[in-house]
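This report concerns only the one structure given below.
Throughout, read-outs are computed from the coordinates displayed, never taken from laboratory work. All of these numbers come straight from a predicted model, not from anything done at the bench. With ideal geometry, Cβ positions are generated from the backbone for all residues, glycine too; neighbour counts draw on all protein chains shown.
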Ligand code: CP
């Protein structure tokens, strides 16, 4: 493995910040391109004899299924606990660390973890004998989502440099935003528009990292302010499960000058060659991306989700192959 995929000297995937964009384009995305063909042919046995455990303390549709499918298409064995908060011995007070030590004893070659607290994946990696992949840790990070997001952008534009990206919605609580922001900040000439209601602004720590990387960004509450200039609109839902007292649902959504949802006016301003992404699930309550717009060719959310399969196949092959 090349250096950029190491975390604390081991091939864990914990933060998007551990990746170098050049490595992603030249190696991971190239491998992901090969995985498209391989998936189309029904897979291969290149990871035959390898075993993967999916340890999910929070709900998932895309991440858990695409990791499972990726492993199976590569010939690996997969076991999982997909509601570990309820159906593992966490219910009886078992620590995350003990759970990882137990899985290490059962001869798994890799653990994919989604945890409900920031730092969960790092804690797991610190006590694991085998690689750990972070599939989301509270409102911390979701690095494999950022990899598939960037891959989706790269596949569409055939470049990353110089793009203007609007990150929209609950920027404070969205782990997909944090991970994507870390990656985008490292790419030459990328400019970010951070669009959110004021109490959902990007946290100071992630903003400090943007400043440190020299990434140009501006903040606004109104997507209409930037719609005519952006190449990518990356929407997020309100993270209702993570709200503190200062960020209650009644402060969310389009009111007055605040606009974080797609509507006809936004679509009419967006360039024809722009794309609209969303990590999903989208909210059926706040409607940041109403289904009636799915037919617009700029809406790429299902291609984006499918790219998760190819990126996760590539990551598994890179780490275990
Ligand atoms: N984007 C994403 O992480 O989706 P799931 O929660 O369904 O895995």
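Observations, loosely collected:
- When region 55-78 is filtered for residues that are within 16 Å of the ligand (Cβ to nearest atom), touching a strand residue (DSSP E or B) at 6+ places or on another chain (Cβ under 6 Å) and either in a strand (DSSP E or B) or closer than 22 Å to residue 107 by Cβ (or both), the ones remaining, listed by number, are 55, 56, 64, 67, 68, 71, 78.
- Those helices (runs of 4 or more DSSP H) of region 131-240 in which at least 1 residues are over 13 Å from the mean Cα position of the chain (by Cα) and over 28 Å from residue 111 (Cα atoms), considering only elements entirely within it, cover 143-157, 204-212.
Residue-by-condition table, conditions (1) without any contact (Cβ under 8 Å) to a residue 24 or more places away in the chain; (2) part of a loop (DSSP other than H, G, I, E, B); (3) away from the ligand (no atom under 16 Å from the Cβ):
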residue	(1), (2), (3)
28	no, no, yes
31	no, no, yes
53	no, no, yes
80	no, no, no
85	no, no, no
91	yes, no, yes
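- Residues of region 12-26 that turn out to be surrounded by fewer than 18 Cβ atoms within 10 Å (Cβ to Cβ) and either in contact with a strand residue (DSSP E or B) (Cβ under 7 Å, 6 or more places away or on another chain) or touching a residue at least 24 places away in the same chain (Cβ under 8 Å) (or both), as a count: 3
For (1) without any contact (Cβ under 8 Å) to a residue 12 or more places away in the chain; (2) surrounded by 24 or more Cβ atoms within 10 Å (Cβ to Cβ); (3) within 13 Å of the ligand (Cβ to nearest atom), each residue gets a yes or a no:
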{"site": "134", "(1), (2), (3)": "no, yes, yes"}
{"site": "141", "(1), (2), (3)": "no, yes, yes"}
{"site": "146", "(1), (2), (3)": "no, yes, yes"}
{"site": "151", "(1), (2), (3)": "no, no, no"}
{"site": "156", "(1), (2), (3)": "no, no, no"}
{"site": "160", "(1), (2), (3)": "no, no, no"}
{"site": "168", "(1), (2), (3)": "no, yes, no"}
{"site": "173", "(1), (2), (3)": "no, no, no"}
{"site": "181", "(1), (2), (3)": "no, yes, no"}
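- Restricting attention to region 299-321 and to residues that are touching a residue at least 40 places away in the same chain (Cβ under 8 Å) and in contact with a strand residue (DSSP E or B) (Cβ under 8 Å, 6 or more places away or on another chain), the residue that is nearest to the ligand (Cβ to nearest atom) turns out to be 304.
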